[in-house]
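First comes the structure, then the notes that go with it.
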Amino acid sequence: MAALLEAGVPGSVVTSTDEWVEVRPERLVDALRWLHDDPEMDAAQLSNMCGVDRYDHFEVVYHLQSLDQNHQIVVKARLHDHEAASVPSSYPVYTGALLQEREVYDLMGIRFEGHPDLRRMFLWEGYPGFPLRKDFLQISADHHPGLPHFPFETGEQER
Amino acid sequence: MTTASEPYVLNIGPQHPSTHGVFRLRVVMDGERIQDIDMVVGYLHRSMEKLAEERTYTQNIPFTDRTDYLAAMSNNLGYCLAVERLAGVEVPERASYLRVIFAELQRLASHSMANGTFINDAGAWQTPLMYMFREREKILDLFEMTCGARLTTNYMRIGGVAFDPPPEFYPAIESLIAEMPTRIAEYTELLVDNEILIARARGIGVLTAAEAINGSITGPMLRASGVPWDLRKAEPYCAYDQFDFEIPVGHTGDCYDRFMVRLEEMRQSVRIIRQALDGLPSGPHKTEIPLALRPAPGEAYARVEGPRGELGFYVVSDGGPAPARFHIRAPSLINLSLLRQMAVGAALPDAIVTLGSTDIVVGEIDR
């Protein structure tokens, strides 16, 4: 599978095992599009995607499903930039990525470049940090997650 | 004379009967037509995926009940299958059969609820819902006599199920599945040709097969669009390959087809339960596993056909007693990916019916 993908999208595959294939983040969308369009691969549906914090890098894992051939393809991309982790959005290939990418951004802090509506989803804009990162609980003790005051109060109000 | 109109914003929810939980829709309306729709979620976010990283594999099972609290058994099952795949645990055959029986009972209960609330949204206030609650109560009684809980069952275990059903379980389930076909026929008679339901649901919220596949839609919604895709057939888990059942599909992919697919799936579930009860093997109902299971480093993705769609669990192990990463593929959330496409241009009451037909459970959306 990895050899076919490398032939179809040159320079995309980094490494592969029997279970998954890792692609270069900058070639990710090309690889997904090729897997989607190729009749043998027929990755018609983005079944699942999630981010994994591996301590020294992030992984974005795509589970692609072929409904006609009934097989699953697992594609991974590794991101080494902890501060500005970003990967191209797969939304142009799979509309089903709309909410899944927002979820990964919200909880893991991975930006999806080109996503039409990349906002926090479960948490609010301005929430400090990204909870599913492994270093989330190392946020300094005086920094409590949550709003500093009730939304209807002004900051300067005396009690 | 022309009248000028300007768009206005309407908030539906967070507390609203048709959102089935704490879920908010922010709708931009132009008169009665929807110009834009946006969902605001997170009111029930309990950060289960993070909490799971601090707890052992067995301690995480009760969390999975509380994601989709209308289908706790299916969630238990999906999670246990993922950990079993990760750790290479074998499941006794009796446990597989019991899992099938309880997962299908759960599907009956969940589809009763889904169809009842859908009809509720379409305007038949409460009466059909109460009919369907009648059967759901009996299913929850079966859960209660087996594992002591009605909703958050915590019944499946890694390597099997927690308890063998007690002796009084068998006559109760026999009478239930003898009664179910009559009840489903009753719903069919009451609702399927109902003029109001057809007027409210036919041609509303249509998704074509290609749109649904590309939009990651799964479960009854995908099948209503005419795609015969069911993980119980495509990737049989537990003992599903030994049972004879059919995959109902719709033709147009509208709200009415989704309702019909769910109704027909209830019939098929009864068939599966009948076969599983007849073939229920004797033997142990669970294998012993270490209390603090430490699977070898690796990852596993297991999925089941939950009542709402593909219910997947992605578990990553780093060799420790707790998962390094625990991700739930929540069909309720992902089935909303195309909400904008289904609702924009429709009238407000149609959007409510569309939302009802997607059958969301907010606990699962937010996790």
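Only the coordinates and a few stated rules stand behind these numbers; no lab work does. In this text the structure is predicted, and so the values were computed from the model without any measurement. Quick reminder, even Gly has a Cβ in these numbers, built from the backbone with ideal geometry, and neighbours come from all protein chains shown.
Structural remarks
- Stokes-Einstein D for region A:54-115, Kirkwood Rh over Cα pairs, 37 °C, 0.692 mPa s (µm²/s): 262
- For region B:43-103, alpha-carbon Rg relative to the globular expectation (2.2 N^0.38 Å, N residues): 1.20
- Hydrodynamic radius of region B:215-298 by the Kirkwood approach over all distinct alpha-carbon pairs: 15.3 Å.
- Here the Kirkwood formula, the inverse mean of 1/r across different C-alpha pairs, assigns chain B a hydrodynamic radius of 21.1 Å.
- Inter-label distance, B:Asn194 to B:Trp125: 1.4 nm, where each label sits 7 Å from its Cα along the C-beta direction.
- The protein assembly as shown: calculated mean residue ellipticity at 222 nm from DSSP helix runs of at least 4, using -39500 (n - 2.57): -11500 deg cm²/dmol
- P(r) weight above 17 Å for region B:210-257, C-alpha pairs, percent: 37
- Exposure proxy shown here: for B:His16, B:His251, the number of other Cβ atoms within 10 Å sets the order, fewest to most, as B:His251, B:His16.
- As a ratio to 2.2 N^0.38 Å, the alpha-carbon radius of gyration computed for region B:114-177 takes the value 1.39.
- Note: region B:16-147, Cα convex hull, 141 Å³ per residue.
- For region B:273-350, the orientation-averaged shadow of the C-alpha convex hull comes to 9.5 nm² (one quarter of the hull surface).
- For region B:17-120, GluC sites (Glu not before Pro) are listed when DSSP marks them as loop and at most 15 other Cβ atoms sit within 10 Å of their Cβ; the list is B:Glu32, B:Glu90.
- Taking N as its residue count, the alpha carbon Rg of region B:230-364 over 2.2 N^0.38 Å: 1.35
- Pair B:Glu211, A:Arg120: separation of 7 Å Cα→Cβ label points (nm): 3.2
- Projected onto planes of every orientation and averaged, the convex hull of the alpha-carbon atoms in the protein assembly as shown covers 28.5 nm².
- Label point 7 Å beyond Cα of A:Asp81 along Cβ direction - residues of region A:36-65 with amide nitrogen under 19 Å: A:51-61
- Residue exposure sequence - B:Ser357, B:Ser175 - by fewest surrounding Cβ within 10 Å: B:Ser175, B:Ser357
- For A:42-49, mean number of other protein chain Cβ atoms within 10 Å: 6
- Residues listed by number, region B:327-359, amide nitrogen under 17 Å from B:Ser5 label point at 7 Å toward C-beta: B:343-352
- Using only Cα coordinates, the Kirkwood hydrodynamic radius of region B:93-236 works out to 17.3 Å.
- Degrees separating the helix B:93-122 axis from the principal Cα axis of chain B, which is the longest one: 10
- Seen against the Cα atoms of chain A and their longest principal axis, helix A:28-37 is set at about 50 degrees.
- In plain terms, the residue of B:Arg46, B:Arg200, A:Arg33, B:Arg367 with the fewest other Cβ atoms within 10 Å comes first and the most crowded comes last, giving B:Arg46, A:Arg33, B:Arg200, B:Arg367.
- In a reduced charge model with +1 at each Lys and Arg Cβ and -1 at each Asp and Glu Cβ, chain B shows a dipole moment near 600 debye about its Cα centre.
- For region B:20-65, the Rg and Dmax computed from alpha carbons only, in angstrom: 17.4, 53
- The mean number of partner chain beta-carbon atoms within 10 angstrom of a residue's beta-carbon across peptide B:327-334 is 5.
- Each of B:Gln341 and B:Phe163 was given a label point 7 Å from its Cα along the Cα-to-Cβ line. The distance between the two points is 4.6 nm.
- Counts of other chain beta carbons within 10 angstrom of each beta carbon in peptide A:94-104 average 6.
- Centre separation in Å (Cα based) which lies between region B:154-201 and region B:44-73: 25
- Cα-based convex hull, chain A, per residue volume (Å³, whole number): 127
- Long-range Cα-Cα pairs in region B:1-89 (distance over 15 Å), rounded percent: 71
- For chain B, the longest principal axis of the alpha carbon atoms and the long axis of helix B:72-87 meet at an angle near 50°.
- Sorting B:94-101, B:187-194 by average packing, meaning the other beta carbons within 10 Å per residue, from highest down gives B:94-101, B:187-194.
- For region A:1-68, the Kirkwood hydrodynamic radius from C-alpha pairs, put into Stokes-Einstein at 20 °C and a viscosity of 1.002 mPa s, yields a diffusion coefficient of 172 µm² per second.
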